[in-house]
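The values are calculated or read from the model by the stated rules, or taken from the named source; none is laboratory data. Only a predicted model underlies this, so the values are computations on that prediction, with no experimental measurement involved. Reconstructed Cβ throughout: ideal geometry from the backbone, glycine too, with neighbour counts over all protein chains shown.
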Amino acid sequence: MRSQTFIVLAVFSACWIGPIVNGSEIYFEDGNTHVINYSTDSYVYIDRNKPGLGTQLEIVQGAVLKHAFTAMEDSRVSVKSGSVLGNAWAWDRSCVSVQSGANIANIDAEDNSKINIYGGIISDSLNSHLDSEISIYGGQIYSLYLWQRSIASITGGTFGYAIDAKDDSQMTINSVNIAYDLTTEGHAKVNFAGGSIGRVLQAWEDSALVVSGGTIQSYIGAGHPTQFWDTSTITIVGSNFAINGIPVAYGSYFASDYSSGWLSGTFASGEVFNNSFYIYDAASIVLTPEPGTILLLGFGAAIASKKAKRKR
């Protein structure tokens, strides 16, 4: 009789579909879609022990996760509403999406995972590591940090503190409000095409930053005062450039040309700017015309060449 009981339990366990509760932990790992609409003190794991199942979890209105949840091994989590008071982790090619009704403390993506932010509130930091990818379309986020070859695309939203990209990461930014600083470090590449920066725009540690629109409330900084042989570049795309009120040509400017001063002009997007700047060490600020102007300059050069040939 006892052996028969064991057999029944084994079959029941193998066929069980649903969350597995183990003390202070809940496991969803059956390849199905599950919903949390209740409060829980447990740590939540999705596909932690069974990779490749593609289990999906929806966190909806009424949900309060008092600790963290971790999406792993190709799983999917959609936070449509509710609160996550601890960390939200996306590991091992998993994906976490955040909708407008969600409130999350922190989000971390690692190992080729993806984070999609459509709205909601991230009250602390949003972090990406190890080739992960972040797409932001809206929402309120305190800060964003990219490390280790991460990629980010930002087309909306507000940031209560700062954005920082480093370690060969890449990012494009448009229509974003940043309360404080936008910083690039460690060979990162960032394209800022529109929005507002409440304080400083700066490039350090051989990074590259391209600016073609938006507003910058404080200064523009290329290079770091305590780092030697810093070859960072800030490329500004626009027209009507002047340094200290004197018009200057397109091209690269180094500390040997102007270590600091006031830079003014018109961004390619049409905003007029006038900001203090500094250039340290081997860093540079590159002033370049917008693509339409480049075409006009090329057309003008072609006409001039033809005229010269005719005169001969």
key: Asp30 vs. criteria touching a Lys or Arg at 6+ places or on another chain (Cβ under 6 Å), surrounded by fewer than 19 Cβ atoms within 10 Å (Cβ to Cβ) and charged (D, E, K, R)   = no
task = Would you check if there is a residue in the range 88-109 being assigned to a loop (DSSP other than H, G, I, E, B), of a type in the set (Gly, Ala, Ser) and surrounded by fewer than 19 Cβ atoms within 10 Å (Cβ to Cβ)?
result = no
request  = Name every residue in the range 195-219 that is hydroxyl-bearing (Ser, Thr, Tyr) and free of Cβ contacts under 8 Å to residues at least 60 places away in the same chain, in order of residue number.
outcome  = Ser196, Ser207, Thr215, Ser218, Tyr219
query = Mind checking which residues of the range 138-152 are touching a residue at least 40 places away in the same chain (Cβ under 8 Å) and more than 10 Å from Ala188 (Cα to Cα)?
reply = Gly139
query = Any residue in the range 42-64 that is more than 25 Å from Ser128 (Cβ to Cβ) and hydroxyl-bearing (Ser, Thr, Tyr)?
reply = yes
request  = Of all residues in the range 135-151, count the ones that are farther than 17 Å from Ser100 by Cβ and crowded, with 24+ Cβ neighbours inside 10 Å.
outcome  = 3
note = If we keep only residues of the range 263-283 that are among the hydrophobic types (A, V, I, L, M, F, W, C) and surrounded by 15 or more Cβ atoms within 10 Å (Cβ to Cβ), then the residue nearest to Val200 (Cα to Cα) is Phe277
task = Check off (1) modelled with pLDDT of 95 or more; (2) more than 18 Å from Ile141 (Cβ to Cβ); (3) not in a loop (DSSP other than H, G, I, E, B); (4) not basic (Lys, Arg) for Val21 and give me the number that stays unchecked.
result = (1)
Test: Gly156 is of a type outside the set (Asp, Glu) and either buried (at least 21 other Cβ atoms within 10 Å of the Cβ) or touching a strand residue (DSSP E or B) at 6+ places or on another chain (Cβ under 6 Å) (or both) = no
task = Hey, can you tell me all the residues within the range 116-168 that are among the acidic types (Asp, Glu) and at negative phi?
result = Asp124, Glu133, Asp164
inquiry  = It is to be established whether one or more residues within the range 220-230 are assigned to a strand (DSSP E or B) and either free of Cβ contacts under 8 Å to residues at least 12 places away in the same chain or surrounded by fewer than 19 Cβ atoms within 10 Å (Cβ to Cβ) (or both).
reply    = no
request  = Search the range 270-291 for residues that are among the aromatic types (Phe, Trp, Tyr) and pair each with any residue that is not in a loop (DSSP other than H, G, I, E, B) when their beta-carbon atoms are under 6 Å apart and the residues are at least 6 apart or on different chains.
outcome  = Phe277/Ile220; Phe277/Leu263; Tyr278/Gly221; Tyr278/Ser260
inquiry  = Scan the range 164-187 and tell me whether some residue there is more than 30 Å from Ser260 (Cβ to Cβ) and either buried (at least 19 other Cβ atoms within 10 Å of the Cβ) or out of contact with any Ser or Thr (no Cβ under 7 Å at 6 or more places or on another chain) (or both).
reply    = no
task = Report, ordered by the first and then the second residue, all pairs with beta carbons closer than 7 Å, sequence separation of six or more or different chains, a first member in the range 33-53 that is surrounded by fewer than 16 Cβ atoms within 10 Å (Cβ to Cβ), and a second member that is part of a strand (DSSP E or B) and among the acidic types (Asp, Glu).
result = Thr33/Glu58; Val35/Glu58
key: Residue pairs meeting the criteria (Cβ under 9 Å; at least 6 apart or on separate chains; first touching a residue at least 40 places away in the same chain (Cβ under 8 Å) and not assigned by TED's automatic domain parsing to the domain that holds Ile141, in the range 64-88; second hydroxyl-bearing (Ser, Thr, Tyr) and surrounded by 19 or more Cβ atoms within 10 Å (Cβ to Cβ))   = none
query = With respect to Ser150, is the statement that it is under 11 Å from the mean Cα position of the chain (by Cα) and over 21 Å from Ser269 (Cα atoms) true?
reply = yes
The one condition in (1) modelled with pLDDT under 95; (2) assigned to a strand (DSSP E or B); (3) among the hydrophobic types (A, V, I, L, M, F, W, C) that Leu57 fails to fulfil = (1)
